[in-house]
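Each remark here refers to the structure printed beneath this line.
Please treat every number below as a calculation from the coordinates, not as lab data. Values in this document were obtained by computation on a predicted structure and should not be read as measured data. Here the Cβ is made from the backbone with ideal geometry for all residues, glycine too, and neighbour counts use every protein chain on show.
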Amino acid sequence: MALKQGTQLGPFEILAPIGVGGMGEVYRARDSRLDRVVAIKILPEFLAQNAQAKELHAFLDKATADSKSLGGQIGSNSRRKLSDA
């Protein structure tokens, strides 16, 4: 499902592709609500139809974002709780 530059997905305008893999396609997009650039992941159909896979994917995305927000603090006394919500 290759999206073209300028495609609108709700409040998001696709700017450019970032990458593609087995878990979907990732695009650089502009969020018109917050006027900022974001990354949008488009799941393949087989994952989009599977509720359990979507929950796992959301958990992994949250864990990845949380780990990046630690900014290299892993291993220090700073700890952050990860959740699946």
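Output needed: percent of Cα pairs per 10 Å distance bin for the range 8-69, bins running from 0 to the one holding the longest distance.
21, 44, 35, 1
When the label point is put 7 Å from the Cα of residue 15 along its Cα-to-beta-carbon vector, which residues of the range 23-41 have a backbone N closer than 12 Å?
27-32, 35-40
Test of understanding: what is the full-extension gain from residue 26 to residue 53, defined as 0.36 nm times their sequence separation minus their Cα-Cα distance?
Result for the pair: 8.0 nm of gain on full extension.
Could you please report the charge total around residue 37, scoring K, R as +1 and D, E as -1 over all other residues with beta-carbon less than 15 angstrom from its beta-carbon?
Within the 15 Å Cβ shell, the charges total +2.
Relative to the Cα centre, what is the charge dipole magnitude of the range 8-69, using +1 at the beta carbon of each Lys and Arg, -1 at the beta carbon of each Asp and Glu, and rounding to the nearest 20 debye? Kindly include the intermediate steps, with their values, before the conclusion.
Working: 8 positive and 8 negative charges, 31 e Å.
Dipole size: approximately 140 debye.
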